[in-house]
Amino acid sequence: MVGSVSTILEEVDGRTNFVTLAADIGNLKISKGKVEPLPEEFDPVAVVANSETELVSGVVATNNGANIKIREIVLGRNLHTSCHVITEPDVDDELTGDREAYMASVLARYRKSLLERTKHHLGYPYNLDFEYGALAQLQHFSINNLGDPFIESNYGVHSRQFEVGVLDWFARLWDLEKNEYWGYITNCGTEGNLHGILVGREVYPDGILYASSESHYSVFKAARMYRMECVKIDTLVCGEIDCTDFRSKLLSNTDKPAIINVNIGTTVKGAVDDLDLVIKTLEETGFKDRFYIHCDGALFGLMMPFVKRAPKVSFKKPIGSVSVSGHKFVGCPMPCGIQITRLKHVNALSSNVEYLASRDATIMGSRNGHAPIFLWYTLNRKGYTGFQKEVQKCLRNAHYLKERLRGAGISAMLNELSSTVVFERPKDEDFIRHWQLACEGNIAHVVVMPSVNIEKLDFFVNQLVEKRSGWYDGKVPCIQGDIGRENCACVLHCKIN
């Protein structure tokens, strides 16, 4: 429903509260601080056709007398104005073959557009370097891993044997014995976070969720879904959780257990939270044996084990769960993820399902049975040695990109354990869309994946330098607040550095 909103977030002193606006405001719109009815016929094409993009911000509601504001939203830019219409077949379609020819042409054009978009893909952490031709023979089967991966159901067309093989591989990676872990292959990285935080909530029903301000949005989505009290923690300039602020906020809530999201690579800056310092802070503030840690390792959770001198993510430490994405560094062609937790925690979630003749502690019911096969195939082909080579390649190329940007006078930052290069946000929105750059405020980033080579990076930097020459009139923007003084290339900080 257009404009449907049920709750919004209000932040007070780092604490997230949930404010209900209305059960149904589908016929309302937000316009420069006012709530106005939408016309009965709302035409998104008309919005897009408007030559001026409307920025929406301002007060949308009041709570206990306080005005609540939301951040600016751009209306119109992301509304879809075209689609491949589905029509009923004509009576003679089977004879003429016109419909088949039409659909074949649509798919051919779509494939061509995918090739083009893949060629200019830099801003999102997907490994596009894969070949799964050997698995095409399995696309004729409806493979569904219903319920618990370790308990077969009455549905026989499944891939549990592949799923458990993948889970065993990751459990070994994170130092957890077969008889001590439980997990499953999720439909995406967000589901891993939702499940990990849900397990934490079941272990500590009255616990408070703590997460850094640079955590993935799915963490705060979990807080909304589970109606959990959520405390947002400040970060250092690099994007890592600020444990000084964490300590302060823990001490303000010593009466309730702590459920903590630890980032193994933040979404925008690729920063890795100091897990050991987080644990030390918890213990020093009186939370020993009263905390649950979920590690969001969507991208770097699989890269970190292969980085020399990197701090180890391990279940030998007092963590509760780890999740990674399967479609990112691994390179699975469909969204999926891996969620691992301690077996002792799952009983609180698990329930018998007579319909399946199985048990279920997952979030979703049906789960993609093809994803485990793709993951199993890649893990077998590459192994630990193959992944180690790919990680080293990504880190080398990320350092190369950072040096090329700095050499061109462009502000850029690269965290030590990361392949995410952060730099000043381009002023040209067409350039951003062309390279599919992820942006936040004054910064953008490139995530260097195994499918990104030096030639592609050179092509990108050369284009950026050429476009950028007409943007600033010699006045380079200062973004020291986003990436630190030592990484800023503005006139002031360039002299200092």
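Summary table
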quantity	calculated
Probe 1.4 Å - accessible area at Thr267, Å² to nearest ten	70 Å²
Stretchable slack from Arg396 to Ser451, in nm (0.36 nm times residue separation minus alpha-carbon distance)	18.5 nm
Over 31 Å [Cα-Cα, segment 137-382], rounded percent	21 percent
Cubic angstrom per residue, convex hull over Cα atoms of segment 146-287	132 Å³
Segment Asp255-Met225, length gained on full extension (0.36 nm per residue, minus Cα span)	8.5 nm
Gain in span if fully extended, Glu429 to Ala310, counting 0.36 nm per residue against the direct Cα distance	39.2 nm
Accessible-area value, His434, 1.4 Å probe, nucleic acids and ligands omitted, Å²	60 Å²
Area accessible to solvent at Lys280, 1.4 Å probe radius, in Å²	110 Å²
Euclidean distance of C-alpha centroids, segment 191-221 and segment 359-391, integer Å	23 Å
Percent antiparallel among DSSP beta bridges (both partners in segment 137-382, rounded to 5)	50 percent
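The values are calculated or read from the model by the stated rules, or taken from the named source; none is laboratory data. Computed from a prediction, not measured in an experiment: that's the story for all the values here. Note: areas computed on protein heavy atoms with side chains; ligands, DNA, RNA excluded. Shrake-Rupley method; radii C 1.70, N 1.55, O 1.52, S 1.80 Å.
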